[in-house]
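The values are calculated or read from the model by the stated rules, or taken from the named source; none is laboratory data. Quick caveat: nothing in here was measured; it's all calculated off a predicted structure. Cβ: placed from backbone, ideal geometry, glycine included. Neighbour counts: every protein chain shown. Keep in mind that these areas ignore ligands, DNA and RNA; they rest on the heavy atoms of the full protein, side chains included. Shrake-Rupley method; radii C 1.70, N 1.55, O 1.52, S 1.80 Å.
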Amino acid sequence: MIILGLESSCDETAAAIVSDGVRVLSSVVASQNEIHTKYGGVVPELASRAHMERMLPVIRRTLEESGVSLSQIDAIAVGHRPGLIGSLLVGVAAAKALSWSLGKPLIGVDHVQAHLYAGVLQEADIAPEPRGSVEFPALGLVVSGGHTSIYLVRSWLELERLGATIDDALGEAYDKVATILGVPFPGGPNLDRLAQSPAANDRIEDLPISRLSPTSLDFSFSGLKTAMLYQVRGVPEHPAHKRAESRYVAPPPLDDTRRRDLAATFQRAAVRTVTLKLERALEQLRERGVIVKSLLTGGGVTANSRLRSELATFAATHRLELALPSLAYCVDNAAMLAGLAFHHLEAGRTSDLTLEPVPTTAC
Ligand code: KG4
Ligand code: ZN
C-alpha cells in the first residue's frame, strides 16, 4: 500500500511517499526559512504564496526520489488541520486534484495526531520491524510551535487529550525567548545549540517551573517567558511601577556568557516542566487503572537535544517503549501524514472532495 502525503500547514511545503504505513520511500521538505527570517516569524500571506510555487516541484521531486510513479500510488493523504488557513488550502487543493484525477482515495489527516506517528517511521533501506511494534495504550506527547499536549493513545486512531497548554506552546516559548535573548531566527534550534555549549551553566537563575495546580496536566509557559524577559530587561522595582516609565532593577549585562547560560537555564526549566507533567499523567492513569506501555512523542521540539535525552531517561525509568522521531521527522514533514493515513485507510476512514482546511486541531 503506497500513500503520497502532502503537508502545507505552516511554512514547510512537503511531500512524501510511504509504503505500508512505516517505510519512507522519499520525504521532501522545502523550508521557507529564508522568506520569513527578516520578519522574525512566519508571515501567513507569504507562506501561502510560497506553497503555491513549491507544491508541484516538491511532489515531482518526491516521486523521482522514490522511483514510484503516480499510477502506483494507492491513496493521497493531506494535513487538512490545524494550521494557517491560506497555507492549508494549497495542500488540500493539490491533494483533491490528485485524488480526483487519479481516481484514488483522499485521506484528510490531523497534523497534530500525525506528529505522534512520526516516531515509528523508518527509512526504506532499514528492514521494517514487525508491524504493531508499538504497544497500546500509550502516553502521547506533542510539543510543537503551535501545540503542547499530552494524550492517552489507545490506538493510532483513538486519542484522549489529558492536558494542553493554556498559553504558549513550548516551541513558541522557545522562539520568543530566543528573540528576548537576541538569538536569530529560527529561534528554537539556535537557542538549543547555544544551550548545548559544553561550558554552559544551566542553573544561573531560579526560573519558575509551572505546575498550575497539584493535579493539572495542562501546561503554561508564559511565566517562564516573562521570567526570562526580566532576566534580560530587568525586574520592575515595585508592582505599582509596572508602567512603561517604571524603574527597573538593572540586570547584569547580556554578554555572550550570560546569553549562553540563560539559554541553558531556560532549557532546563522548560524541559523539566514537560517531564513533570508526564510523571503526573502516568500517575493519574495508573489511578484510573490504565497501565501505559509506550511513550509516543513528536513535534518540532522533540528535535531538542535536552528534551530527547530526558525523554529517554523518563521512558527507561518507567519501563516505557519510547517512540522518538528521528530528527528529519520531528519538524513538519509529509511522511508522518502518509504513515498515519495508512491506518485511516485500513479503518475505511477516507474523505471526499468536500474536505476542507480547518485552522484548529480535532485532538
Ligand atoms: O512541529 P513543527 O515543525 O511545527 C508546528 O507544527 O508547529 O514545530 C516547530 C517548532 C518551532 O517553534 C521551533 O522553534 C521548534 O519547533 N524547534 C525547536 C527545536 N527545533 C525546532 N525547539 C527547541 N529546540 C529545537 N532543537
Ligand atoms: Zn507541526
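Just one of Pro44, Pro82 is within 16 Å of ligand 2 (Cβ to nearest atom), surrounded by fewer than 21 Cβ atoms within 10 Å (Cβ to Cβ) and touching a residue at least 12 places away in the same chain (Cβ under 8 Å); which is it?
Working: Pro82 fails: surrounded by fewer than 21 Cβ atoms within 10 Å (Cβ to Cβ).
The conditions single out Pro44.
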Self-check item: the range 290-330, residues that are open to solvent by less than 60 Å² (accessible area, probe 1.4 Å) and free of Cβ contacts under 8 Å to residues at least 24 places away in the same chain
Solution: Arg308, Ala312, Ala315
Practice problem: Go over the candidates Met52, Met1 one by one and state the one that is in contact with a Phe, Trp or Tyr (Cβ under 8 Å, 6 or more places away or on another chain), open to solvent by 50 Å² or more (accessible area, probe 1.4 Å) and closer than 20 Å to Ser101 by Cα. | Solution: Met1
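If you check Ile204, Ile209, Ile150, which single one turns out to be more than 23 Å from Ala16 (Cβ to Cβ), out of contact with any Phe, Trp or Tyr (no Cβ under 8 Å at 6 or more places or on another chain) and in a strand (DSSP E or B)? Please lay out each step first, then the result.
On the way: Ile204 fails: in a strand (DSSP E or B); Ile209 fails: in a strand (DSSP E or B).
Exactly one residue qualifies, and that residue is Ile150.
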Quiz item: Quick one: which of Asp175, Asp206 is farther than 22 Å from Cys363 by Cβ, in contact with a Gly (Cβ under 8 Å, 6 or more places away or on another chain) and of a type in the set (Asp, Glu)?
Solution: Asp175
Quiz item: Which condition does Val68 not pass, out of (1) among the β-branched types (Val, Ile, Thr); (2) part of a helix (DSSP H, G or I); (3) surrounded by fewer than 19 Cβ atoms within 10 Å (Cβ to Cβ), if it passes all the others?
Solution: (2)
Quiz item: Among the residues of the range 258-278 satisfying the criterion of being within 20 Å of the chain's Cα centre (by Cα) and among the charged types (D, E, K, R), which is least open to solvent (accessible area, probe 1.4 Å)?
Solution: Lys277
Self-check item: Test result for Gly91, of a type in the set (Gly, Ala, Ser), within 16 Å of ligand 2 (Cβ to nearest atom), closer than 17 Å to Asp332 by Cα and touching a Gly at 6+ places or on another chain (Cβ under 7 Å)
Solution: yes
Quiz item: How many residues are assigned to a loop (DSSP other than H, G, I, E, B) and surrounded by 15 or more Cβ atoms within 10 Å (Cβ to Cβ) if we restrict to the range 213-233?
Solution: 4
Quiz item: Do we find a residue being open to solvent by 20 Å² or more (accessible area, probe 1.4 Å), in the same structural domain as Leu170 (by TED's automatic domain parsing) and among the acidic types (Asp, Glu) anywhere in the range 239-248?
Solution: yes
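Is it the case, given these coordinates, that Asp168 is in the same structural domain as Glu279 (by TED's automatic domain parsing), open to solvent by less than 20 Å² (accessible area, probe 1.4 Å), part of a loop (DSSP other than H, G, I, E, B) and without any contact (Cβ under 8 Å) to a residue 60 or more places away in the chain? Write out each step before concluding.
Working: in the same structural domain as Glu279 (by TED's automatic domain parsing): yes; open to solvent by less than 20 Å² (accessible area, probe 1.4 Å): yes; part of a loop (DSSP other than H, G, I, E, B): yes; without any contact (Cβ under 8 Å) to a residue 60 or more places away in the chain: yes.
Judged against the criteria, Asp168 is a match.
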